[in-house]
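Read-outs: derived from the displayed coordinates by stated rules, not from any lab. Keep in mind that this is a model prediction, so the values were computed, not measured. When we count neighbours, we look across all protein chains shown, and the Cβ atoms used for this are built from the backbone with ideal geometry, even at glycine.
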């Protein structure tokens, strides 16, 4: 850190999710002590499955936990898109040996809790982290020699700096940026189904999506194929409020008229659902404010259509660590370099995800154009189109800043 006084203080990380733990791990690997402030009563991860592109595995390797994550991941044979009305195969991207040779890493699917667990194991092994649970941060105070975070119980937590990894409803972002969320009106239902109850004709080793008018359905295997992740998305008929609730089987059933029987099986499977009313925010050019910076969903909340939300948080953490390294652990310089390295890339993710959602949910003639879009495209052409996304690694992570 900049001087011995600062060295006595940990860096505070608001949020103990995937982004917060990845940030903590990046910091501890720089020899920096960390205190994580988590509002839940225990450190853990909710949710279901997630997809990990090669960029995510590059990040996990750079954080020293890639092998822990791989042990729990299912390496897919392909990504495949079907039309949910007539089952037409819109596109198929092989993710086998040629894909891995191109990008240096696999494409895989995994339970969110297993990624979180790998990061947690890595963090605990450093011996440099202090977890404080049941701490809801409500205000940040900048001090001459660091920052202080005031929690809901009026306790004060002091540190050399603060990383706001406190998610889509970030208190830190609210204080420093104060911009409104963009509620999409798209509702996502997620569930995990045991293999014994999952249709045999859909038990593919693939990240699979069925795209339909104002809706889509996703499925892929988890935990060695013993479970399957099921995700369905639709445009809500009602005014939505950003948040997570228990889902209604009847509501899901009411939104998928007209889709083909093979895809329709998916909405009949789960006994219980969790319901996400989704939102993102418009990209911003500034995340860092002196000794305070944002990371993950707090910095660039995005819709799910590129399956890159958690992947971007992992990239953020690695980039932050690299920025500290080349800045000689000077916090304010590092935070500025980190921000300059990440703003354009993550904004492209947010905006591209919006556009991909429009393509997925096309109807009428637009649907026909979508179905014709990738006809006859070779795997190599798909890989070329994905280079910007999957070609990221720790060696080039600062290139967007003008540094490298």
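Based on the Cβ-Cβ distance of residue 374 and residue 348, what FRET efficiency does E = 1/(1 + (r/R0)^6) give at R0 = 22 Å, to the nearest 0.05?
0.65
With just the Cα atoms defining each centre, how far is region 214-259 from region 280-314? Give it in Å.
Distance between centres, Cα-based: 24 Å.
Where does helix 364-373 land angle-wise versus the long Cα axis of the chain, in degrees 0 to 90, nearest 10?
Result, in degrees: 80.
Fully extended, how many nm does the chain gain between residue 365 and residue 41 (0.36 nm per residue separation, minus their Cα-Cα distance)?
111.6 nm is the gain from fully extending residue 365 to residue 41.
State, to one decimal in nm², a quarter of the convex hull surface area for the C-alpha atoms of region 233-339, i.e. the direction-averaged projected area.
9.2 nm²
Which one of 107, 390, 88 has the biggest mean-square fluctuation once the chain is modelled by GNM with Cα springs under 10 Å?
88
By average Cβ neighbour count within 10 Å, what is the ranking of 163-169, 281-287 from highest down?
163-169, 281-287
Is it possible to state the helix-based mean residue ellipticity at 222 nm for the chain, with each DSSP H run of 4+ residues giving -39500 (n - 2.57), the sum divided by total residues, to the nearest 500 deg cm²/dmol? What is it?
Estimated from H runs of four or more residues: -10500 deg cm²/dmol.
Based on other C-beta atoms within 10 Å, arrange 204, 276 from fewest to most.
Ordered from fewest to most neighbouring Cβ atoms within 10 Å, 204, 276 come out as 204, 276.
On a full-extension model of 0.36 nm per residue, what is the gain between residue 179 and residue 246, subtracting their alpha-carbon distance, rounded to one decimal in nm?
So the extension gain works out to 21.4 nm.
What angle do you read, to the nearest 10 degrees and between 0 and 90, between the alpha-carbon axis of helix 309-326 and the longest principal axis of the chain?
30 degrees
Rounded, prolate or oblate, given the Cα gyration tensor of region 106-237, with a/c below 1.5 counting as rounded?
Because a/c hits 1.5 or more and a/b fails to exceed b/c, region 106-237 counts as oblate.
Show log10 I(q)/I(0) for the chain at q = 0.06, 0.07, 0.12 Å⁻¹, two decimals, from a solvent-free Debye sum over equal Cα scatterers.
-0.23, -0.32, -0.94
Rounded, prolate or oblate: which one fits region 43-112, using the alpha carbon gyration tensor with axes a ≥ b ≥ c (rounded when a/c is under 1.5, else prolate when a/b beats b/c, else oblate)?
Note, shape of region 43-112 comes out oblate.
So for region 210-281, Kirkwood radius off the Cα pairs, Stokes-Einstein at 10 °C and 1.306 mPa s: how many µm² s⁻¹?
D, rounded to a whole number, is 119 µm²/s.
Report, in degrees rounded to the nearest 10, the 0 to 90 angle that the Cα long axis of helix 379-390 makes with the longest principal axis of the chain.
Approximately 30 degrees, to the nearest 10.
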